[in-house]
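Notes follow once the structure below has been shown.
The values are calculated or read from the model by the stated rules, or taken from the named source; none is laboratory data. Every value quoted in this text rests on a predicted model; they were computed, and no experiment measured them. A quick note on method: Cβ atoms are made from the backbone with ideal geometry, for glycine too, and the neighbour counts reach across all protein chains shown.
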Amino acid sequence: MAIGPVRVLVVDDQRPFRKAARAVLDVMPEFELVDEADSGEAAVSSSASLEPDLVLMDVHMEGMDGLEATRRILAARPETAVILVSSYRVEDVAAAAAESGALAFLPKDRFGARTLREIWASRAELLPRTGRREPPSPDG
Amino acid sequence: MSAQVSSDANPKVLVVDDVPRNVRLLEAVLSPNGYTVTSASSGSEALERVAADLPDLVLLDIQMPGMDGYEVCRRLRADPATRFLPVVMITSSDTEVRVNALEADADDFIRKPFDQEELLARVRSLVRIKHYHDTIEAQAAELAEWNQTLEARVDEQTEELRASRTRVVSAADAERRRIERDLHDGAQQHLIGLAVRMRLARDLADSEPEKAMEMLDALGDDVQEALEQLRDLAHGIYPPLLQDRGLPEALTAAAGSAPIRTRIQVDGITRYEPDVEATVYFCCLEALQNAAKHAGEGATATVNAWQEAEELRFDVADDGAGFDPERGRSGVGLTNMRDRVGAIGGSLQIDSAPGRGTTISGSIPLGS
């Protein structure tokens, strides 16, 4: 595993959340914001060129939505961790979110340093649950 | 239905007898009493004559070569068109013949040699019954026709109502979607950002209190922005000025912030039902948006509203580029305006030509 901070790409067509995510990542030395994207298309190309470790992905966006962007990013680089974020409640987000291969779903207003750390720390356990093919678990 | 109402004045009687003398005898009695008499000399000819002449009554001799009177009567009864045609059988006196005549479903019988007065009395009363029957049948047919017309008209109106209700409901749905989007993309996003950054400030409060304070200060601007967006949205849903002061002030205020230089002329406008005020207000705003988009550089607009008879009228005119209505601009805006005005029983016209500007005018009936 690479030494250094976790490299993060933030994807949202809404400026306020990008701004808030940036503020949170700013005070977390173990994470580093490498880019912001305001569309699914921009996210796919940014992910291809910058190869982030983690993508915070908004679900609802005009054009290519977050689920499709997630599928494409994971198809190209399966080792990428994607956390879906949305201002909708989980029950209002399509069931397809569960099959997108994302690590977790997080309501945007719950996003914070602690939550991010927790999800990142438990990513190995989260992966199989979201149905994504991934390195075998230790007792697997 | 072949229900024909024959006039009382000239009832038609068909005399069926193979003996010409008998026919002449009956004719001599009936004709002077106002009956038109036709005749047939056999059963099969009788059936032809009935179909061709549509008599009001048949005087039917029983004993004829070939098809006898019983058979003729049975056939007349079997045909729906002649089921109720009065048939009087002319019999000899014996009982068995009478019973057969009744079994063949004749209406009456007359014994030979007949009594003139008795014959005329029976014919008269049966013709009258036939006439009543025909009248009733004709009225029933007419009634059924009215009923059908009425049903068709009701169906038509129901369909029209259903269609307009569907349009109104889908317009309301579209409006709700717009509000949801505005809320979601506007204030809600700001509040989400605020929530995240407030949590961050709280997390930092112990370790880096100064940074936390700085963050909280910065949040103030975002709170203002969220409030501003909520206020705009609420204003867009129903402008407070329209609710409090009515159309003249609301339109004047709207003109001030319109995307095109706008003059307002509202004379004799008072207060109206909220849906009328809202419709006029939003149509004028929509028309101004249209004008700003299409009229071109330097164009100006005028909004007129006035009351005429039992109608509230308005028009929004610009002195801009105009367009050819034949090649149309059928934007969503215009459809919205039409539906809105139509939903409260009004109508909307668009008048435009290249180089002559565009005038959108509407009239809304004011309830009594």
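Looking at this structure, is residue B:263 free of Cβ contacts under 8 Å to residues at least 40 places away in the same chain and charged (D, E, K, R)? When the stated conditions are applied, residue B:263 does not pass them.
Filtering A:55, A:85 for residues that are among the β-branched types (Val, Ile, Thr), in contact (Cβ under 8 Å) with a residue 40 or more places away in the chain, closer than 20 Å to residue B:185 by Cβ and not in a loop (DSSP other than H, G, I, E, B) leaves a single hit, A:85.
Per the listing A:72, A:7, the residue uniquely surrounded by fewer than 19 Cβ atoms within 10 Å (Cβ to Cβ), more than 12 Å from every other protein chain (Cβ to nearest Cβ) and assigned to a strand (DSSP E or B) is A:7. Would you mind stating whether residue B:126 is in a helix (DSSP H, G or I), surrounded by 15 or more Cβ atoms within 10 Å (Cβ to Cβ) and in contact (Cβ under 8 Å) with a residue 60 or more places away in the chain? Judged against the criteria, residue B:126 is a match. Within the stretch B:140-197, being exposed (fewer than 13 other Cβ atoms within 10 Å of the Cβ), basic (Lys, Arg) and within 14 Å of chain A (Cβ to nearest Cβ) holds for B:177, B:181.
The C-beta contact set for the stretch B:310-322 (first residue at positive phi, second residue polar (S, T, N, Q) and part of a strand (DSSP E or B), distance under 8 angstrom, 6+ apart or interchain) comprises B:322/B:352; B:322/B:358. Residues considered: A:125, A:118, A:91. Of these, the only one that is more than 15 Å from residue A:14 (Cα to Cα), out of contact with any strand residue (DSSP E or B) (no Cβ under 6 Å at 6 or more places or on another chain), part of a helix (DSSP H, G or I) and modelled with pLDDT of 90 or more is A:118.
Can we say residue B:312 is in contact with a Gly (Cβ under 9 Å, 6 or more places away or on another chain) and not in a loop (DSSP other than H, G, I, E, B)? The answer is yes for residue B:312. Regarding the stretch B:295-305, can at least one residue be identified that is surrounded by fewer than 16 Cβ atoms within 10 Å (Cβ to Cβ), modelled with pLDDT under 85 and out of contact with any Lys or Arg (no Cβ under 8 Å at 6 or more places or on another chain)? Checked against the condition, which is being surrounded by fewer than 16 Cβ atoms within 10 Å (Cβ to Cβ), modelled with pLDDT under 85 and out of contact with any Lys or Arg (no Cβ under 8 Å at 6 or more places or on another chain), the stretch B:295-305 yields at least one hit. When B:221, B:203 are screened for being under 23 Å from residue A:25 (Cα atoms), within 14 Å of chain A (Cβ to nearest Cβ) and loosely packed, with under 11 Cβ neighbours inside 10 Å, only B:221 passes.
Among the residues making up the stretch B:262-285, those that are farther than 19 Å from residue B:243 by Cβ and at pLDDT 90 or above are B:262, B:263, B:265. Considering the stretch A:84-115, the residues that are of a type in the set (A, V, I, L, M) and farther than 20 Å from residue A:24 by Cβ include one that is nearest to the other protein chains (Cβ to nearest Cβ), namely A:93. Under the condition of being without any contact (Cβ under 8 Å) to a residue 40 or more places away in the chain and either within 14 Å of chain B (Cβ to nearest Cβ) or hydrophobic (A, V, I, L, M, F, W, C) (or both), the residues counted in the stretch A:40-52 number 4.
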